[in-house]
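The block underneath contains the structure these notes are about, expressed in structure tokens.
The values are calculated or read from the model by the stated rules, or taken from the named source; none is laboratory data. None of the values given here were measured: they were computed from a predicted structure. Please note: Cβ atoms are built from the backbone with ideal geometry, for glycine as well, and neighbour counts cover all protein chains shown.
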Amino acid sequence: MTTPNELREKLRGPVVAMTTHFKDDLSLDLDAMRRLTEYYVRCGVPTVIADGSTGEFFSLTQEERRQVIKTVVDTAAGQMTVVAGTAHSGTDITLELTRYAQDLGADGVMITPPYYGYNNGGMDCLKAHYDKVTANSDIGIVIYFSGVVLPLVSEILAKPALMVHLVDSCNGHASGFKDASGNFPFHRDVNLLLKGKVSVMGSAGMNYFLWGHMFGSPCSLTGLGNIWPQVEIDFWHHLEAGRRDEALKIVLKKDLPYLEACMSTRRYWACVKALQAMVGLPGGPMRRPLLSVTDEQREMLRNVCTEIGLMDLPVDLG
């Protein structure tokens with residue numbers, strides 16, 4: 001079993017938040033999940049997150065969530081770090097899925113704040129949620145401030161030092177913090193405050209990681225990495241070697257145009273699946289309440305990614 005400290009050390013470089021794939025009838029496509037996992041292993045992706053927000057966990061049944069986590073863990077077979085998304089609005093349900101991931105052999109779990117309870121209890125509620133889960137499990141956790149919960153954690157965003165108290169409530173099991181706030185000063189401050197305690201992971205594109213890396217962030221959630229992992233891996237190697245100018249070129253020429261195109265649709269996760277399908281990877285439809293991209297949006301994505309040279313990059317389909 002991977003200990004919380006070991007997970008913290010493993011959280012280095014690009015982290016791919018995996019999409020979850022469905023057949024045309026919207027039933028779970030586990031074969032597609034296996035093929036995608038094998039693709040990331042071949043590409044040398046160090047870490048993936050299965051059953052997270054990008055994986056549409058909120059539209060899966062608990063049994064489907066177990067199947068997704070098991071498929072990725074079993075297929076990865078120790079060849080890359082697997083963090084399982086086990087977030088839920090209920091603490092006991094979160095704990096049950098966390099224990100399942102632990103028993104299955106996942107390297108860690110990722111848990112968002114309970115997206116109803118915090119409004120009614122503030123920091124006390126938040127700390128109680130993480131305290132119960134970590135006191136009754138042994139696996140390392142990644143605390144995740146997703147876009148959905150940002151209004152609920154405005155107190156912490158305004159006072160980053162509160163993150164230290166939240167980490168301390170995790171009974172020594174906090175291994176990482178995934179920050180999707182897009183708030184540059186907050187990201188800087190939590191990197192400085194949590195250094196040596198947890199690995200801070202930016203989740204707002206490579207441009208965000210340029211900033212975070214300067215202040216000690218060891219890993220970042222990928223955008224392009226879902227489709228073209230090598231771009232993110234090259235970016236990481238440039239930063240680690242001190243070639244910031246080369247890393248910045250990737251941000252300006254590829255990362256920002258890609259993000260702008262995807263975000264303009266207001267269907268980011270659907271854009272990822274659409275681009276995956278364009279290059280021959282598992283893609284497929286979205287489950288409600290999310291919508292798939294329109295034909296017009298799909299063509300726009302193809303044109304933008306062709307113009308910035310992404311569609312010409314090799315994709316190792318095995």
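The single condition among (1) surrounded by fewer than 21 Cβ atoms within 10 Å (Cβ to Cβ); (2) more than 18 Å from Gly140 (Cα to Cα) that Gly172 does not meet is (2). In the stretch 70-91, the residues that are under 26 Å from Val149 (Cβ atoms) form Cβ pairs under 7 Å with partners that are acidic (Asp, Glu) and crowded, with 19+ Cβ neighbours inside 10 Å, at six or more places apart or across chains, as follows: Thr81/Asp107; Val82/Asp107; Val83/Asp107; Ala84/Asp51; Gly85/Asp51.
Can you say whether Tyr115 is among the aromatic types (Phe, Trp, Tyr), in a loop (DSSP other than H, G, I, E, B) and in contact (Cβ under 8 Å) with a residue 24 or more places away in the chain, as far as the supplied structure shows?
Considered against the rule, which asks whether it is among the aromatic types (Phe, Trp, Tyr), in a loop (DSSP other than H, G, I, E, B) and in contact (Cβ under 8 Å) with a residue 24 or more places away in the chain, Tyr115 comes out as yes.
Kindly evaluate Ala135 against the criterion of being modelled with pLDDT of 95 or more, farther than 29 Å from Met214 by Cα, in contact with a strand residue (DSSP E or B) (Cβ under 8 Å, 6 or more places away or on another chain) and of a type in the set (Gly, Ala, Ser). In short, no. For the stretch 297-310, does any single residue satisfy the condition of being surrounded by 15 or more Cβ atoms within 10 Å (Cβ to Cβ), among the charged types (D, E, K, R) and touching a residue at least 60 places away in the same chain (Cβ under 8 Å)? No: the stretch 297-310 contains no residue that is surrounded by 15 or more Cβ atoms within 10 Å (Cβ to Cβ), among the charged types (D, E, K, R) and touching a residue at least 60 places away in the same chain (Cβ under 8 Å).
Here is a list: Leu7, Leu26, Leu60. Which entry is surrounded by fewer than 23 Cβ atoms within 10 Å (Cβ to Cβ) and out of contact with any Pro (no Cβ under 7 Å at 6 or more places or on another chain)? Exactly one of Leu7, Leu26, Leu60 is surrounded by fewer than 23 Cβ atoms within 10 Å (Cβ to Cβ) and out of contact with any Pro (no Cβ under 7 Å at 6 or more places or on another chain), namely Leu60. Screening Gln276 against (1) assigned to a loop (DSSP other than H, G, I, E, B); (2) under 26 Å from Lys23 (Cα atoms) leaves a single unmet condition, (1).
There is at least one residue in the stretch 296-312 that is over 20 Å from the mean Cα position of the chain (by Cα), modelled with pLDDT under 95 and more than 24 Å from Tyr208 (Cα to Cα).
Filter the stretch 119-132 down to residues that are over 23 Å from Thr81 (Cβ atoms) and surrounded by 22 or more Cβ atoms within 10 Å (Cβ to Cβ) and give me whichever is modelled with the lowest pLDDT. By that ranking, first place goes to Leu126.
Can you find, within the stretch 214-234, the residue that is farthest from Phe184 (Cα to Cα) among those that are free of Cβ contacts under 8 Å to residues at least 40 places away in the same chain and not in a loop (DSSP other than H, G, I, E, B)? My answer is Asp234.
Of all residues assigned to the stretch 149-172, at least one qualifies as being at positive phi and outside any helix (DSSP H, G or I). Only one of (1) free of Cβ contacts under 8 Å to residues at least 60 places away in the same chain; (2) farther than 20 Å from Pro114 by Cβ; (3) crowded, with 18+ Cβ neighbours inside 10 Å is not met by Trp211, so which one is it? Here Trp211 meets the rest and fails (3). The residue of the stretch 88-112 that is farthest from the chain's Cα centre (by Cα), among those that are crowded, with 20+ Cβ neighbours inside 10 Å and modelled with pLDDT under 95, is His88. Scan the stretch 252-284 residue by residue and report those that are among the charged types (D, E, K, R), surrounded by 20 or more Cβ atoms within 10 Å (Cβ to Cβ) and under 18 Å from the mean Cα position of the chain (by Cα). Once the filter is applied, which keeps residues that are among the charged types (D, E, K, R), surrounded by 20 or more Cβ atoms within 10 Å (Cβ to Cβ) and under 18 Å from the mean Cα position of the chain (by Cα), the stretch 252-284 yields Asp255, Lys273. Within the stretch 142-161, the residues that satisfy the criterion of being under 15 Å from Leu193 (Cβ atoms), buried (at least 18 other Cβ atoms within 10 Å of the Cβ) and modelled with pLDDT of 95 or more are Ile143, Pro160.
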